[in-house]
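One structure below.
The values are calculated or read from the model by the stated rules, or taken from the named source; none is laboratory data. This structure is a prediction, so every number in the text was calculated from the model and none was measured. Quick reminder, even Gly has a Cβ in these numbers, built from the backbone with ideal geometry, and neighbours come from all protein chains shown. Each accessible area value is taken on the protein alone, full model and side chains, heavy atoms only, with ligands, DNA and RNA left out. Shrake-Rupley method; radii C 1.70, N 1.55, O 1.52, S 1.80 Å.
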Amino acid sequence: MEPTAELLPQHFQINPSLPIYEQFVEAIRRRIVCGAIPPGMRLPSVRELAAARGVNPTTAARTYQELERSGLIVTYRGQGTFVTRDGDIITDARRAIAVQAVRDFFEAAASLGLTAEQMLNMYREDSHDNEA
Amino acid sequence: MTTKLELSLQEPASVAVECRDLCLTIKKKAILDRISFQIPSGSLTGLLGPNGAGKSSLLRIVAGLAQGDSGTVQLFGKPAGPERLGELSLLPDRSNLPGWLRVDEWLHYAAGIYPDWSKSRAGELLSELSVSPHTRISSMSRGEEARLQLLTCLSRTAPLIILDEPFTGIDLLSRERIAAAVVGELADSKRTVLVATHDIREMELLFDRLILIGGGRIRSVDDVDALRQSGQSVESRYREVFA
């Protein structure tokens, strides 16, 4: 049986003030990396994606272009578009997301005038207090 | 205007609609005042503006149902006019379908009127838009009748689709179905769609191009992706322009 899953969560909230394809790419990338969308799954067509989410078909097409560029999805002519079965590509994507999350963490610390270590300590103290 | 320049640099050959200095005066009042814009082929353009902005007058002239006093309107590089009606499918602001007919009778009739009618497309749209073929038109709800009107409009294969206020008085689910049908149309056939509406939130995710009109004048022409790149939504742009 072919693996199936929703490409995006049913109630995915679109922010109309930011490029929509970027929001789609980001969300789908995360869902592939965490396994919510299984490797080898067939993706809906550009038309289906656009109609289901009420967005311009160009937005859907661009979403797929971006994901294809990163190798996370693959199009086979005449067959459709599928999530890659290449585990290395998925691992790399997971790593990239993780690294970005840590980078964001460092940036948040810097913006508060703290080191990452200081911020971590605050977190530990806080959780300790809550447990006590 | 920078927008004009950008367009002509991008795709000089594929302009679906072009207005240049279009003016219309009725009883000494300027309804349209030097309207100029271009709509690229394959785009879904939103024509937005407050009531009385001139949207319907403009659409009627583009469709060839009325004439301006001066200026030019071109469809696919040739002048607009009544003889071009076969190249566009218009959903008018207010229209009446024959209430004494059943849906299937109406569609049979429409297939006879329009040379570019696609029977298979009409069949698909019946289920996409959830219109029952055996209902008598006079017994339909407003939302159902609006969906039937859109169905009639989209069952033609004309390269330009013009929708004037497709959502007025229509419930949310009908709106979603209508929006999805319009998307399907655009994705399948590379047709050009021009929609006049003041329901910004229903449509803003669909537009790739935005024309704001107020007081008979073009207030701005924007690429919607470029707006979002700069952190603006269609709605915030609208507020900015008309505030």
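Among the candidates A:Val99, A:Val33, the residue that is away from every other protein chain (no Cβ under 14 Å), over 27 Å from B:Ala180 (Cα atoms) and open to solvent by less than 60 Å² (accessible area, probe 1.4 Å) is uniquely A:Val33. Restricting the stretch B:226-235 to residues that are open to solvent by 40 Å² or more (accessible area, probe 1.4 Å) and part of a helix (DSSP H, G or I), the residue that is farthest from the other protein chains (Cβ to nearest Cβ) is B:Ala226. Assessment of the stretch A:74-83 against the conditions (in contact with a Leu (Cβ under 6 Å, 6 or more places away or on another chain) and surrounded by fewer than 19 Cβ atoms within 10 Å (Cβ to Cβ)) yields at least one matching residue. For the stretch A:57-69, the set of residues classified as in contact (Cβ under 8 Å) with a residue 24 or more places away in the chain and either within 7 Å of another protein chain (Cβ to nearest Cβ) or open to solvent by 10 Å² or more (accessible area, probe 1.4 Å) (or both) consists of A:Thr59, A:Arg62, A:Glu66, listed by residue number.
For the stretch A:59-82, indicate whether the set of residues that are assigned to a helix (DSSP H, G or I), more than 25 Å from A:Ala36 (Cα to Cα) and among the charged types (D, E, K, R) is non-empty. Checked against the condition, which is being assigned to a helix (DSSP H, G or I), more than 25 Å from A:Ala36 (Cα to Cα) and among the charged types (D, E, K, R), the stretch A:59-82 yields no hits at all. Would you confirm whether or not the stretch B:170-192 contains a residue that is within 23 Å of A:Pro16 (Cα to Cα), assigned to a strand (DSSP E or B) and more than 9 Å from chain A (Cβ to nearest Cβ)? Yes: the stretch B:170-192 contains one or more residues that are within 23 Å of A:Pro16 (Cα to Cα), assigned to a strand (DSSP E or B) and more than 9 Å from chain A (Cβ to nearest Cβ). May I ask you to verify whether B:Ser127 is more than 14 Å from every other protein chain (Cβ to nearest Cβ), open to solvent by 50 Å² or more (accessible area, probe 1.4 Å) and either part of a helix (DSSP H, G or I) or in contact with a Lys or Arg (Cβ under 9 Å, 6 or more places away or on another chain) (or both)? So B:Ser127 does not fit the description; no. Evaluating A:Leu18 against the criteria (1) open to solvent by 60 Å² or more (accessible area, probe 1.4 Å); (2) touching a residue at least 60 places away in the same chain (Cβ under 8 Å) leaves one unmet condition, (2).
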